[in-house]
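Structure first, then comments.
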Amino acid sequence: MASILAIETSCDETSVAVVQDRQVCSNVVYSQISVHQPYGGVVPEVASRRHLETINQAIACALEQAQLPISSLDGIAVTCAPGLVGALLVGLTAAKTLALVHQKPFLGVHHLEGHIYASYLDEPELEPPFLNLLVSGGHTSLIYVKACGCYETLGQTRDDAAGEAFDKVARLLQLGYPGGPVIDKLAALGNPQAFVLPEGNVSRPGGGYHPYDSSFSGLKTAVLRLVQQLQQDEQPFSIQDLAASFQETVARSLAKRAIACALDYRLNTITVGGGVAANSGLRKHLQAAGAAHNLRVLFPSLKFCTDNAAMIGCAAAEHLNRGHTSPLTLGVQSRLSITDVMQLYQ
Ligand code: KG4
Ligand code: ZN
């Protein structure tokens, strides 16, 4: 069994956790949402500074809550890619320092592999192979999870990520940042059938549609045009109905692709990860579609959907148990494909 202290600072959450394999001993999350809200999105320099201000307290707090001395840990892990470079550097420097001072193995973790591992925290018996639907602010992918560190991307978005679509639609409706949770709340009060919006099919050169790829920028433009038209016609409309119709369209589109992919690849389990996995419309749609096709659908509990260090620690424990460690010369990368995670280990 591996006890890991893990740090996550890739975007706007400063998080530190202590895990023992798939068991969470502590998971401290300091959200920066209120700091970025006045700007309508994450400001990278502000995020880095805020991480710097809170990281030491988060580390102390995670260790205290876990009731484990640092000497008893087997490794120190940190998200090193992909993400905001300045933000990643704060976590990386803190993790390297701890590893060096306390003479512990050091592990860099791919943020998306962390989101995949979030599913193991609630379901410790889970084992590959399975299909992961990864839906966050920066990514929308269908990933074939073959083994720890071995992934194949089967589908992805051609433009905006699902979370980005929620954020952009919320911005154009002047609902603030981040958009996902606000739209989710409004959608609960609206009629999802009120407006018909385009699902965003991706054409294939030979004709027909790509079954696993998605596109959300057309949907965002369709919402914008619809609002402009309704305003021009001086026609009152319900923002709840619009939120519900938009959410329904995204959820239907994602569920359809995930189910088709799982059936084609004969994978009977679909796990979901990333901030949009918290969306109640997606949870409802995909659970129902999974049940109809006899597929097991696993959503992490809400606190493990959005960014957190527990999922990073869980991925790191699995790597350490296989003898993987990272060199202390490891740097951060703003972009890194999930298929290249083994580059991080020696
Ligand atoms: O995974 P995450 O915390 O950070 C990234 O790695 O990107 O995901 C953040 C994204 C944001 O776009 C946010 O609007 C979206 O997840 N999100 C949601 C919900 N909660 C967060 N989207 C839809 N419904 C939600 N309930
Ligand atoms: Zn994330």
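The values are calculated or read from the model by the stated rules, or taken from the named source; none is laboratory data. Remember, it's a predicted structure, so these values are computed and weren't measured experimentally. Neighbour counts are summed over all protein chains in view; Cβ atoms, including those assigned to glycine, are modelled from backbone coordinates with ideal geometry. Side chains are part of the model used for accessible areas, which takes the heavy atoms of the whole protein and leaves out ligands, DNA and RNA. Shrake-Rupley method; radii C 1.70, N 1.55, O 1.52, S 1.80 Å.
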Problem - Interatomic Cα distance distribution for the range 210-279, bins of 5 angstrom, percent - result: 3, 13, 19, 20, 16, 11, 8, 6, 3, 1, 0
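On a 1.4 Å probe surface of the protein chains, which of 199, 113, 123 comes out largest in accessible area, and what is the full order? Can you show the working numbers first?
On the way: 199 30, 113 0, 123 60 Å².
Sorted descending by solvent-accessible area, the residues read 123, 199, 113.
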Problem - Those chymotrypsin sites (Phe, Trp or Tyr not before Pro) in the range 88-160 that DSSP places in a loop and that have at most 11 other beta carbons within 10 Å - result: none
Fill in the blank from the handout: A chain fully extended from residue 209 to residue 221 at 0.36 nm per residue, minus the present Cα-Cα distance, gains in nm 2.3 nm
Completion exercise
Per the helix-only model, the chain has a calculated mean residue ellipticity at 222 nm (DSSP H runs of ≥4, -39500 (n - 2.57) each, divided over all residues, rounded to the nearest 500) of -13500 deg cm²/dmol
Fill in the blank from the handout: Rh (Kirkwood, all Cα-Cα pairs) for the range 55-165, Å, reads 16.0 Å
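What dipole magnitude, in Debye to the nearest 20, does the range 128-303 give about its Cα centre under +1 on Lys/Arg Cβ and -1 on Asp/Glu Cβ?
So the magnitude is around 500 debye.
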Exercise for the section: With no solvent and one equal point scatterer per Cα, compute the Debye intensity ratio I(q)/I(0) for the range 141-187 at 0.18, 0.19, 0.27 Å⁻¹ and report its log10, rounded to two decimals. Expected result: -0.63, -0.66, -0.87
Fill in the blank from the handout: Dividing the alpha-carbon radius of gyration of the range 257-339 by 2.2 N^0.38 Å, where N counts its residues, gives 1.36
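Scale the Cα Rg of the range 128-303 by the rule-of-thumb value 2.2 N^0.38 Å and send over the ratio, two decimals.
Working: Rg = 16.2 Å, N = 176, 2.2 N^0.38 = 15.7 Å.
The range 128-303 yields a ratio of 1.03.
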Exercise for the section: Please sort by residue number the chymotrypsin sites (Phe, Trp or Tyr not before Pro) in the range 216-304 whose DSSP state is loop and whose Cβ has at most 16 other Cβ atoms within 10 Å. Expected result: 237, 265
Practice task
Would you please calculate the Kirkwood hydrodynamic radius of the range 177-239 over all C-alpha pairs and express it in Å, rounded to one decimal?
Solution key: 14.0 Å
Handout entry: Contact order normalised by residue count of the range 125-284, Cα under 8 Å, 6+ apart, percent
Key = 30 percent
Practice task
Just reorder 80, 61 by solvent-accessible area, largest first, 1.4 Å probe, all chains present.
Solution key: 61, 80
Completion exercise
Normalised Cα Rg of the range 97-231, dividing by 2.2 N^0.38 Å with N its residue count, works out at 1.35
Handout entry: Accessible-area value, residue 303, 1.4 Å probe, nucleic acids and ligands omitted, Å²
Key = 130 Å²
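Leaving out ligands, DNA and RNA, and with a 1.4 Å probe, what % of the accessible surface on the chain is carbon or sulfur?
Values: 7380 of 14500 Å².
Carbon and sulfur together cover 51 percent of it.
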Problem - Ratio Rg/Rh, restricted to the range 202-346 and using Cα atoms, in which Rh is the Kirkwood radius - result: 1.06
Handout entry: Cα convex hull of the chain, projected area averaged across orientations, nm²
Key = 17.8 nm²
Exercise for the section: May I have the count of lysine pairs in the range 128-303 with C-alpha atoms under 26 Å apart, counting pairs 8 or more residues apart or located on different chains? Expected result: 16
